[in-house]
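The values are calculated or read from the model by the stated rules, or taken from the named source; none is laboratory data. If you're wondering where the values come from, they're calculated on a predicted model, not measured in any experiment. Methodologically, a virtual Cβ is constructed for each residue, glycine included, from the backbone with ideal geometry; neighbour enumeration extends over all protein chains shown.
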Amino acid sequence: MAARGGPGARLAGWLEGAAALLLLALMLLVLVDVVLRSVVNRPLPWSTEVLEVLLGAMIFLLYPVLARNGGHITVDLIPFPAPVRRLQRRLSALAGALLFSIIGWCLGRQALRAAEFGDGTTLLHWPYAWILGAMAAASALTVLGFVASAWQNNGAEVEPS
């Protein structure tokens, strides 16, 4: 997915690799939990908590890559000339940057509140401040990805998915 060159390509590759490792961990944890639940009737009590964090981390690690590479699903229902399509892509990237700015700001605010109150997950007591802070940082990277996509889209045609 890190098809474009430049300084962000290495970061995109790292994010994709980290997300792939998280997916592997998620699959292994589900496998172990299902086997323990079915064979010995003793599931892992904390597996749901870990799965929720792994899934959230995996998603937020991939958002910046999708934003930078324009990898979101698109559907062209109305055919427009190429200049209008380029403008449409640029405006949609800027709208994505705005939305993820709001998401990141809200997540950062919630991280500060969680740190103030010392909130954590129920069984493992992982601090919510760290989890939400990481999601806010990934949202900031996503904003940068959208902005880079808006400015790097110099007439390159992207086929709809």
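Looking only at the range 65-87, count every residue that is surrounded by 12 or more Cβ atoms within 10 Å (Cβ to Cβ) and under 23 Å from the mean Cα position of the chain (by Cα) and tell me the total.
Matching residues across the range 65-87 total 9.
Would you check if L107 is within 27 Å of L11 (Cβ to Cβ), surrounded by 12 or more Cβ atoms within 10 Å (Cβ to Cβ), without any contact (Cβ under 8 Å) to a residue 40 or more places away in the chain and out of contact with any Lys or Arg (no Cβ under 6 Å at 6 or more places or on another chain)?
yes
Based on this model, can you work out whether A136 counts as among the small types (G, A, S), within 30 Å of V50 (Cα to Cα) and in contact with a strand residue (DSSP E or B) (Cβ under 9 Å, 6 or more places away or on another chain)?
Taking the combined requirement at face value, the residue does not satisfy it.
Just to be sure, is V143 touching a Gly at 6+ places or on another chain (Cβ under 8 Å) and either modelled with pLDDT of 95 or more or small (G, A, S) (or both)?
Taking the combined requirement at face value, the residue satisfies it.
Considering only residues that are free of Cβ contacts under 8 Å to residues at least 12 places away in the same chain and either basic (K, R) or crowded, with 17+ Cβ neighbours inside 10 Å (or both), which ones fall in the range 41-64?
Hit for the range 41-64 is R42, nothing else.
So the check is Cβ under 8 Å with 6+ separation or different chains; which pairs have a first residue in the range 144-161 that's within 22 Å of D76 (Cα to Cα) and surrounded by 15 or more Cβ atoms within 10 Å (Cβ to Cβ) and a second one that's modelled with pLDDT of 55 or more and aromatic (F, W, Y)?
Close Cβ pairs (under 8 Å, with a partner that is modelled with pLDDT of 55 or more and aromatic (F, W, Y)) amount to F146/F100.
Please pick out the residue among A82, A93, A138, A134 that is touching a Pro at 6+ places or on another chain (Cβ under 8 Å), of a type in the set (G, A, S), within 28 Å of G8 (Cβ to Cβ) and in contact (Cβ under 8 Å) with a residue 60 or more places away in the chain.
A138
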